[in-house]
Amino acid sequence: MTDPFAEALHSDGPNPDLAEKLKLYGRFIGAWTFDATRILEDGTKLAGRGEVHFGWVLEGKAVQDVWILPARDAGPSPSLGPWTFYGTTLRVYDLGIDAWHIFWSDPRNQYYSRQLARAESDTIVQVGADGTGASVRWSFSRITENSFRWLGERSHDGGATWRIEVEFLARRSTPT
């Protein structure tokens with residue numbers, strides 16, 4: 001049985017007119033697992049294993065992902081404490097500004113973020129602000145065909161200094 005919603009959302013590949021630009025995030029299409037570390041302000045570290053899935057959506061004009069911590073097959077994860085999430089990002093390329101609009105939504109924790117993203121050398125940098133006005137910077141680096149590093153950073157001084165809050169080290173779990 002086919003799910004009409006999933007069929008309307010999912011695309012088999014990138015829109016041909018945007019294919020070159022969509023490679024920035026399109027290279028992540030597939031399933032991944034990641035080792036997650038969260039560093040609290042007092043230096044305490046929380047750790048666990050999560051999963052992320054990327055796919056083409058909206059006539060191949062966007063990339064959507066689902067981030068889950070702990071991974072659905074991880075079982076109880078006391079090392080995470082209360083730090084869990086189950087959210088999705090919609091990543092839409094904007095030809096007019098040559099950048100990506102990033103919309104993160106985590107209904108479990110009621111955390112939402114809007115950012116702009118661009119490639120900076122071999123790193124993808126997403127910048128925005130959180131609900132308190134603090135600057136946030138999320139980035140993908142050390143990108144290979146089968147791995148990447150994702151960092152979540154926050155600044156309370158307008159970007160003069162940054163504190164790493166989260167690091168994910170991801171490995172592809174489906175072949176490309």
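Derivation of every value follows stated rules applied to the coordinates shown; laboratory data play no part. As the structure is a computational prediction, the values presented were derived from the model and not from experiment. Every residue, glycine among them, receives a Cβ derived from its backbone with ideal geometry; neighbour counts consider all protein chains shown.
First measure r as the distance between the Cβ atoms of ASP42 and LEU18, then evaluate 1/(1 + (r/R0)^6) with R0 = 41 Å and state the FRET efficiency to the nearest 0.05.
For ASP42 and LEU18, the calculated efficiency is 0.40.
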TODO: Taking every pair of Cα atoms in the chain, average 1/r, invert it to obtain the Kirkwood radius, and report Rg/Rh to two decimals.
DONE: 0.96
Task: Within the chain, helix-based [θ] at 222 nm, where runs of 4 or more DSSP H residues each add -39,500 (n - 2.57), nearest 500 - done: -2000 deg cm²/dmol
TODO: Average the reciprocal distances over every distinct pair of alpha-carbons in segment 70-162, invert the result, and give the Kirkwood radius in Å.
DONE: 15.0 Å
Open item on the list: For the ranges 105-111, 164-170, what's the packing order if you count other beta-carbon atoms within 10 Å of each residue, average per peptide, and put the highest first?
Closed with: 164-170, 105-111
Open item on the list: About the Cα centre, and with charges only on the beta carbon of Lys, Arg (+1) and Asp, Glu (-1), how big is the dipole of segment 1-47? Nearest 20 debye, please.
Closed with: 220 debye
- [ ] Please identify, among ILE39, ILE68, ILE102, the residue showing maximal mean-square fluctuation in a Gaussian network model of the chain using a 10 angstrom Cα cutoff.
- [x] ILE39
